[in-house]
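> Below you'll find the structure I mean.
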C-alpha cells in the first residue's frame, strides 16, 4: 500500500499530457564513422510501403512529403528515384547527418530495413548489402564505409560495414548501481528499526542481493524489449512482488534471530514495507537527478 501510495503521489505531482498516441515508441539509431569530410544524407529503406505516418511516394495518390519550394527537395527527388535491388521502399523520411554523424528514426521505424546514404557532392549512393531488423526497443547500429564505399557516379557503392552497437556496458553499470543503492538504503532502514545483530543484517543483505538482482535483470529485459512505458508498470508490479517475498522472508527469518520488537513478525513485515517504499521513492527521485543510472 505504501508503494502504491508513493506511485500515486508521484503521478499526481508530476506534470503530464495525455493523447491517443501516448508513450515512447521504438527507435533505430545509427552512428556513422569515417565520413567526417563528407556531406551526406541518410534514410532507411523499408520492406513495406509504409510504417506509422511514413509511406512510399505514389504519384497517383500525390502523397509527396516535399515540394519544389522546400530546401531539401532535390535530395528528396534523388531518394525517390533510387531503385533498390531487393525491392525495398524509400518512405520519404531522411536527414542530413554531416554534422551529427548520426541518424535517428524515432517514430515507428521499419521492422526490416536497409541503410541508404546519398552524397550530393558526388551524386552517389551507398547502401547496405544486408537486411537488418529492429532487435530491441531502441536498436543501435554503427556504420563504417571502406575506401571504395563511395563511388563518384550515380551508381550504388559497396563497402558498408554495419554492426549492432547497443550499449550493454551502460546497462550493466546501471544495474550494479541500482543494486548497491537499494541494499544500502534498506540496511540503513534496518538499523533505524533496531536490527543490530550480524545474522539479521546478513539475512537482509542476502535477501536484497537475490531480489534486487532478479528484479533489475527483469526490468532491464523489459526496457530492452518494450521500452520505458511498460518499464514503469513492470517496476511497480515487481516491487509489490518483491515486497511480498521479503515480508514473508523477514517475518520468519528476522524473527528467529531477533529480540523484543525485532522478534515480532508484524514488526518485521512493517520494516519490509517501509524499506521497500524508501528504496522505491529514492529510486524515482534519483532517476531524475542521475538518469544514466536508471
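Taken together, the values in this text are just the output of simple stated rules run on the coordinates, not laboratory data. For clarity, every value in this text was computed on a predicted model and none was experimentally measured. Cβ sites come from the backbone with ideal geometry, for glycine too, and all protein chains shown count toward neighbours.
> Based on alpha-carbon centroids, what's the gap between region 57-83 and region 172-206 in Å, whole number please?
60 Å
> Roughly speaking, what is the stretch gain from residue 65 to residue 84, that is 0.36 nm per residue apart minus the C-alpha to C-alpha distance, in nm to one decimal? Show your work: numbers first, answer last.
Values: separation 19, 0.36 × 19 = 6.84 nm, distance 1.99 nm.
That works out to 4.8 nm of additional length.
> Return 99, 47, 186, 130 ranked ascending by Cβ neighbour count within 10 Å, so the fewest neighbours appear first.
99, 130, 47, 186
> Then there is this: Which whole-number percent of Cα pairs in region 27-164 have a distance greater than 26 Å?
16 percent
> Residue separation times 0.36 nm, minus the C-alpha to C-alpha distance between residue 108 and residue 36: what's the value? Kindly include the intermediate steps, with their values, before the conclusion.
Working: separation 72, 0.36 × 72 = 25.92 nm, distance 2.84 nm.
My answer for the length gained is 23.1 nm.
> Set the Förster radius R0 to 35 Å, insert the Cβ-Cβ distance between residue 192 and residue 230 as r into 1/(1 + (r/R0)^6), and round the FRET efficiency to 0.05.
0.55
> At 7 Å along the Cα-to-beta-carbon direction for both residue 123 and residue 248, put a label point, then send me their distance in nm to one decimal.
Placing both labels 7 Å along Cα→Cβ, they lie 7.3 nm apart.
> Then there is this: Of all the Cα-Cα pairs you can form in region 168-293, what percent are over 16 Å apart?
Taking all Cα-Cα pairs of region 168-293, the fraction more than 16 Å apart is 61 percent.
> Between residue 217 and residue 95, what is the label-point separation in nm under the 7 Å Cα-to-beta-carbon projection?
3.5 nm
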